[in-house]
Amino acid sequence: MKQLKNYNDLKLELEMAKERKNIISIYIKKLMYEEEQINNVIKEQNNTLNKIENNLLNLTGIEYKLFSEIVINKMNVSKAIEKIAEQEDKDVSTIWKNYYPKVKDKINEMLDYK
């Protein structure tokens with residue numbers, strides 16, 4: 001009788017071990033999927049940061065400030081131009097005509113990219 005009980009116990013333990021292994025396998029698959037999603041987010045954010053950094057490296061002075069205010073600080077274009085005009089002691093129309101067109105494409109590219 002003792003052997004029969006051990007046989008049944010072993011059979012149950014084996015079934016439990018198999019079930020635990022299945023649960024662990026499912027959990028590992030979910031973790032791998034989640035890791036892949038996180039890696040995609042990291043890659044996308046790195047690309048965005050690299051684009052911003054490259055654009056900033058190619059700009060100087062007022063163009064740099066405009067790009068920075070609009071893309072990095074998320075300021076409205078009109079408000080950013082008013083702020084820069086005040087800081088640089090220039091007329092708002094001067095900023096609109098002479099400086100904004102130089103950075104407009106880069107700003108739109110960054111806003112579309114996000």
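The values are calculated or read from the model by the stated rules, or taken from the named source; none is laboratory data. As the structure is a computational prediction, the values presented were derived from the model and not from experiment. All Cβ positions, glycine included, derive from the backbone under ideal geometry; neighbour counts span all protein chains shown.
If you scan segment 57-114, which residues turn out to be acidic (Asp, Glu) and either in contact with a His (Cβ under 9 Å, 6 or more places away or on another chain) or not in a helix (DSSP H, G or I) (or both)?
Of segment 57-114, the ones acidic (Asp, Glu) are 63, 69, 82, 86, 88-89, 91, 105, 109, 112.
Within segment 57-114, Asp89, Asp91 meet the criteria.
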#### Entry: Neighbours by Cβ (under 6 Å, 6+ apart or cross-chain): first from segment 23-50, within 19 Å of Ile72 (Cα to Cα); second surrounded by 10 or more Cβ atoms within 10 Å (Cβ to Cβ) and of a type outside the set (S, T, N, Q)
none
### Query
Does Leu12 fit the bill of being touching a residue at least 40 places away in the same chain (Cβ under 8 Å) and more than 19 Å from the chain's Cα centre (by Cα)?
no
### Query
List, please: which pairs have Cβ atoms under 8 Å, are six or more places apart or on different chains, and start with a residue in segment 56-73 that is over 13 Å from Ala85 (Cα atoms) and modelled with pLDDT of 85 or more and end with one that is buried (at least 16 other Cβ atoms within 10 Å of the Cβ) and of a type in the set (Lys, Arg)?
Phe67/Lys106
### Query
So which residues in segment 17-44 are among the acidic types (Asp, Glu) and over 11 Å from the mean Cα position of the chain (by Cα), if there are any at all?
Glu19, Glu34, Glu35, Glu36
### Message
Quick check on my filter: what residues within segment 55-87 are acidic (Asp, Glu) and buried (at least 17 other Cβ atoms within 10 Å of the Cβ)?
### Response
Glu63, Glu69
### Message
Tell me yes or no: at least one residue of segment 17-34 is hydrophobic (A, V, I, L, M, F, W, C) and either in contact with a strand residue (DSSP E or B) (Cβ under 9 Å, 6 or more places away or on another chain) or at pLDDT below 95 (or both).
### Response
no
